[in-house]
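Since the structure comes first, as structure tokens, the remarks are kept for the end.
Every number here is computed from the coordinates shown, using simple stated rules; none is lab data. Only a predicted model underlies this, so the values are computations on that prediction, with no experimental measurement involved. Cβ sites come from the backbone with ideal geometry, for glycine too, and all protein chains shown count toward neighbours.
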Amino acid sequence: MFARRHPFLFFLMIISVCLTVMFSGFVVLVSLSSTMLNTQFSRHYTSAGGNIGIVEINGMILSSKDIIQNIKTFRDDDAIKAIILRIDSPGGGIGPSQEIYREVMKTRMEKKIIASMGSVAASGGYYIASATDKIIANPGTITGSIGVIMEYANVMEIARKIGISPVVIKSGQFKDMGSPLRELKEPEKKILQALVDELHLQFVNDAANARGMAVKTMEALADGRIYTGAKALNLKLIDRLGNLDDAVRWTGELANIKGELKPVYPKEDKITFIKKLADTLLKDLNISGTAMDNFRYIIGAR
């Protein structure tokens, strides 16, 4: 009867109930996910009683903060005699990669630090690995991709079709360089190419210096191509073939660790699933005020 007399109110009640049920289910799911994550981290991620610290670098390298903090924590811990960077990354941002590179270079002056490559450690992943004392990879590890790429999306034709006309008021000739609503001009292409060339040279010089390799030799290998771990060994881009267990044993030898080798991971902050999701969304939605923000500055990763 109520539904017949007040169909609109009945509809709102149904929608409210559905939303309440969905939200409750989401909260339960998030709680379970958070509990599972915290349980896993408390079981596997602890520096207590270990002597070899393992810092994982997984996925796109978009931020250096946590990685650098983990490296510093192990470096300052007297119980940790050496550090392994377990890299499984196709690359990422130039800035974060360079920041981690510098931290690794500082760390190797105090403790042995080794790179263990997983399925892929290319571009920015290799940039970081090159700074370590030694690099070990699987025969089938994808590595290399030494180089820099800059790309942006041009939506000029789509804008024309839907009737969008850009209006630009700028303070300088190149302030709107990279706007997705117009073609790049030749002078702008030259500027951006010079920028890419400069960043590429920084990559090559840093990798060559850290590896004790001639810059010209590294430059010849830095045309963006990828190599298997086996090929990289022949090219002296890495030092040995093996998995993470092999890396642990080798690290123990290099650091002269006596007795049992006890690899440990950093303690993980108990951040809830919702906060992690929110942080990710905020990064994805971050909007800046320059046309150059349309570009992706990345080291080989697509």
**Asked** Taking the Cβ-Cβ separation of Arg102 and Glu188 as r and a Förster radius of 25 Å, what is the calculated FRET efficiency to the nearest 0.05?
**Response** 0.25
**Pairs from Lys190/Lys216; Lys65/Lys258; Lys190/Lys236; Lys161/Lys185; Lys170/Lys190 whose Cα-Cα separation, in the structure shown, is over 28 Å** = Lys65/Lys258; Lys190/Lys236
**Asked** Taking the mean number of other Cβ atoms within 10 Å as a proxy for protection, how do you rank 82-92, 67-77 from highest to lowest?
**Response** 82-92, 67-77
**Prompt:** Which ³J(HN,Hα) values in Hz, rounded to whole numbers, follow from the phi angles of segment 113-123 under the Karplus curve 6.51 cos²θ - 1.76 cosθ + 1.60, where θ = phi - 60° and Gly and Pro get x?
**Reply:** 9, 10, 9, 10, 8, x, 6, 8, 8, 10, 6
**Message:** Check which residues have an amide H placed less than 5 Å from Lys267's amide H, if you skip close sequence neighbours.
**Reply:** Ser47
**Asked** What ³J(HN,Hα) values, in whole Hz, does the Karplus curve 6.51 cos²θ - 1.76 cosθ + 1.60 give for segment 170-183 when θ = phi - 60°, with x put for Gly and Pro?
**Response** 10, 8, x, 4, 9, 5, 9, 4, x, 4, x, 9, 7, 6
**Item:** Cβ-based net charge around Gln173, under 15 Å, with every Lys or Arg adding one and every Asp or Glu removing one
**Value:** +3
**Fill in**
In order over segment 244-255: 3J(HN,Hα) from phi, Karplus 6.51/-1.76/1.60, θ = phi - 60°, whole Hz, x for each Gly or Pro, gives 5, 4, 4, 5, 5, 5, 5, 4, x, 5, 5, 8
**Message:** What aspartates and glutamates does Lys106 reach when the alpha-carbon gap must be under 17 Å and sequence neighbours fewer than 8 apart in one chain are set aside?
**Reply:** Asp66, Asp76, Asp77, Asp78, Asp133, Asp206
**Asked** So if we plug the beta-carbon distance of Ile169 and Asp223 into 1/(1 + (r/R0)^6) with R0 = 30 Å, what FRET efficiency do we get, rounded to 0.05?
**Response** 0.15
**Message:** Using amide H atoms built in the peptide plane, which far-off residues or other-chain residues are under 5 Å from Val120 H to H?
**Reply:** Ser89, Ile142
